[in-house]
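Asks: Pasting a structure below so you can have a look.
The values are calculated or read from the model by the stated rules, or taken from the named source; none is laboratory data. Remember, it's a predicted structure, so these values are computed and weren't measured experimentally. Glycine also receives a Cβ, built like all others from the backbone with ideal geometry; neighbour counts cover every protein chain displayed.
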Amino acid sequence: MKIKNICCIGAGYVGGPTMAVIAQKCPKVKVTVVDINEQRIQFWNDPDVNKIPIYEPGLAEIVKEVRGRNLFFSTDVEKAIDESDMIFISVNTPTKTYGIGKGMAADLKWIELCARQIAEVSKSDKIVIEKSTLPVRTAAALKDILDSTGNGVKFQILSNPEFLAEGTAVEDLRNPDRVLVGGDIETEEGREAMDALVDIYASWVPREKILTTNVWSSELSKLTANAFLAQRVSSINAISELCEKTEADVNEVAKAVGMDSRVGPKFLKASVGFGGSCFQKDILNLVYIARSFNLKEVADYWEQVIIMNNHQKRRFAANMVRAMHNTVADKKIVILGWAFKKDTNDTRESAAIYVADYLLNEQAKIIVYDPKVTEEQIYSDLDYLGSRSGNANRQAVTVVNDPVQACEEAHAVAVLTEWDEFKNLNWKMVYDKMLKPAFLFDGRRLLKKENIEGFNFYSLGSVN
Ligand code: UDX
Ligand code: ADP
């Protein structure tokens, strides 16, 4: 089976970069990315590639090279489905905010809508691929919808979870640790569909890195991979609190532990808490599934990773208030960094949102600087929490373009995203501008004490 036309539903953080790289590496395949969000598609099609809606190092260059050649962005979902042999579903699957499983289960509303649309429009056999992270056995639901509402055409459903991390998406896609393809290995049609997808990736990924499994293993592997990664962050964050009590230094502990080749050095960086669209959502999902099978201990075990993460965000903010003589009311606090990690403009579940919310509840005045996040996004993140009116958020929070200027007469600065530019900020000038005592809270272990003279300095995971 030779694939000529690929359609991807959802032009977001997963669909956009993934399809750009597939289009670049498979110049003979036409790749069309569709989305119901017209504005998003408009940005993807903007003649100025720097206006594409997702910031990822290296992505604009790829889009410039392949857009209009074999990569297209469109709002005509039906046409793209109709023309394709292979459809990737990359729509959002956020945690449910209503009904059964509220706050825990994944909301599959958008996935189901996609499936129904694919069934309705398709006039030829198609391979349908789950790209978004989904609960185990979603493929069964997809199959049910496709087979019972379609026009008699055949669908093969594959699971091909995305392991890219934001900020390094292009590099992760070009050079993945592994690619996972789950499908119906029991039948010939299933194996053929899997081969077709493997062939696409094999254009640039060595075959030995492409793993094929049954659908359920593939779906569960994605949740498990994210749960393991998040667990490492929560583990080191738990130790960071102990370090602050015992005069140990969390960086030194992480280094010593990570040098054991069985543990490894990556993903052991203590922080103000993990964010991003995946970790929390996927663990909640895992917990929900475990509970639905009455696996209480399994569910409790994984839930602890989230409990620890929430604790870390809260204790960081509480420590700020405590350090500043137990009151921040009307004090000016500058937050440096709003994205959930550096090199992305994504703010979903970012620790900064929760730290700011805590400080706003204590009636602080907040100034935010982030090199890539828009003012509109920052207000929308705070409004989404619903802790106070939109008006109150706009009164208490100011978003600025100049981090040093922002510190004029500030009581405190908190570094919440590890953007490289914060390392080299003119900290002397910042100090001079601030009210004294000048407080500096480093939630990312980014700053070296010798570069920041004069401050009352608090670095997560050590005694200063
Ligand atoms: C994650 C997975 O890494 C990726 O494989 C999956 O496809 C999607 O979810 P992402 O959320 O984009 O990717 O970023 P990641 O680099 O994993 O970081 C997640 C959060 O953990 C960030 O807030 C980051 O700052 C934090 N983190 C990460 C730490 O606090 N310490 C670390 O050592 C590593
Ligand atoms: P992710 O990080 O998983 O890529 P995003 O929220 O960035 O998530 O992107 C998902 C995209 O899917 C959004 O742009 C949204 O508009 C789009 N989307 C959701 N449902 C549909 C649908 N039925 N048809 C087309 N696009 C959809």
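Asks: Checking the conditions here, which among Asp357, Asp330, Asp370 is out of contact with any helix residue (DSSP H, G or I) (no Cβ under 6 Å at 6 or more places or on another chain), more than 16 Å from ligand 1 (Cβ to nearest atom) and at pLDDT 95 or above?
Replies: Going through Asp357, Asp330, Asp370 in turn, the sole match is Asp330.
Asks: In the range 247-299, what count of residues is obtained for those that are outside any helix (DSSP H, G or I), under 18 Å from Gly443 (Cα atoms) and of a type outside the set (Lys, Arg)?
Replies: 12
Asks: Tell me the residue from Thr93, Thr18 that is under 21 Å from Ala202 (Cβ atoms), touching a residue at least 24 places away in the same chain (Cβ under 8 Å), of a type in the set (S, T, N, Q) and within 12 Å of ligand 2 (Cβ to nearest atom), please. Show your work before the answer.
Replies: Details: Thr93 fails: under 21 Å from Ala202 (Cβ atoms).
Checking each option against the conditions leaves just Thr18.
Asks: In the range 120-179, which residues are assigned to a helix (DSSP H, G or I), away from ligand 1 (no atom under 16 Å from the Cβ), β-branched (Val, Ile, Thr) and in contact (Cβ under 8 Å) with a residue 60 or more places away in the chain?
Replies: We begin by selecting, within the range 120-179, every residue assigned to a helix (DSSP H, G or I); these are 120-121, 138-149, 169-174.
Imposing the further condition that a residue be away from ligand 1 (no atom under 16 Å from the Cβ) reduces the set to 120-121, 138-149.
Among the residues that remain, those that are also β-branched (Val, Ile, Thr) are: 121, 138, 145, 149.
Thr138 - this is the single residue of the range 120-179 that is assigned to a helix (DSSP H, G or I), away from ligand 1 (no atom under 16 Å from the Cβ), β-branched (Val, Ile, Thr) and in contact (Cβ under 8 Å) with a residue 60 or more places away in the chain.
Asks: Sort through Arg322, Arg394, Arg348 and tell me the only one that's assigned to a helix (DSSP H, G or I), under 28 Å from Ile54 (Cα atoms) and charged (D, E, K, R).
Replies: On the way: Arg322 fails: under 28 Å from Ile54 (Cα atoms); Arg348 fails: assigned to a helix (DSSP H, G or I).
Every option except Arg394 fails the conditions.
Asks: Going through the range 59-86 one residue at a time, which ones are closer than 16 Å to Asp48 by Cα, in a helix (DSSP H, G or I) and not small (Gly, Ala, Ser)?
Replies: Leu59, Glu61, Ile62, Val63, Lys64, Glu65, Val66 - these are the residues of the range 59-86 that are closer than 16 Å to Asp48 by Cα, in a helix (DSSP H, G or I) and not small (Gly, Ala, Ser).
Asks: Now for a different question. Report yes if Lys266 is touching a residue at least 60 places away in the same chain (Cβ under 8 Å) and closer than 30 Å to Leu134 by Cβ, otherwise no. Give the derivation first.
Replies: Numbers: touching a residue at least 60 places away in the same chain (Cβ under 8 Å): no; closer than 30 Å to Leu134 by Cβ: yes.
No, not satisfied.
Asks: Now for a different question. Quick test for you: out of Val399, Val415, Val404, pick the one residue that is touching an Asp or Glu at 6+ places or on another chain (Cβ under 7 Å), farther than 22 Å from Arg314 by Cα, modelled with pLDDT of 95 or more and away from ligand 2 (no atom under 16 Å from the Cβ). I'd like the intermediate steps shown before the answer.
Replies: On the way: Val415 fails: farther than 22 Å from Arg314 by Cα; Val404 fails: touching an Asp or Glu at 6+ places or on another chain (Cβ under 7 Å).
Result: Val399 is the single residue among Val399, Val415, Val404 that is touching an Asp or Glu at 6+ places or on another chain (Cβ under 7 Å), farther than 22 Å from Arg314 by Cα, modelled with pLDDT of 95 or more and away from ligand 2 (no atom under 16 Å from the Cβ).
Asks: Go through (1) surrounded by fewer than 17 Cβ atoms within 10 Å (Cβ to Cβ); (2) touching a residue at least 24 places away in the same chain (Cβ under 8 Å); (3) on the phi < 0 side of the Ramachandran plot; (4) not in a helix (DSSP H, G or I) one by one and return the number of the condition Gly103 breaks.
Replies: With respect to (1) surrounded by fewer than 17 Cβ atoms within 10 Å (Cβ to Cβ); (2) touching a residue at least 24 places away in the same chain (Cβ under 8 Å); (3) on the phi < 0 side of the Ramachandran plot; (4) not in a helix (DSSP H, G or I), Gly103 is out only on (3).
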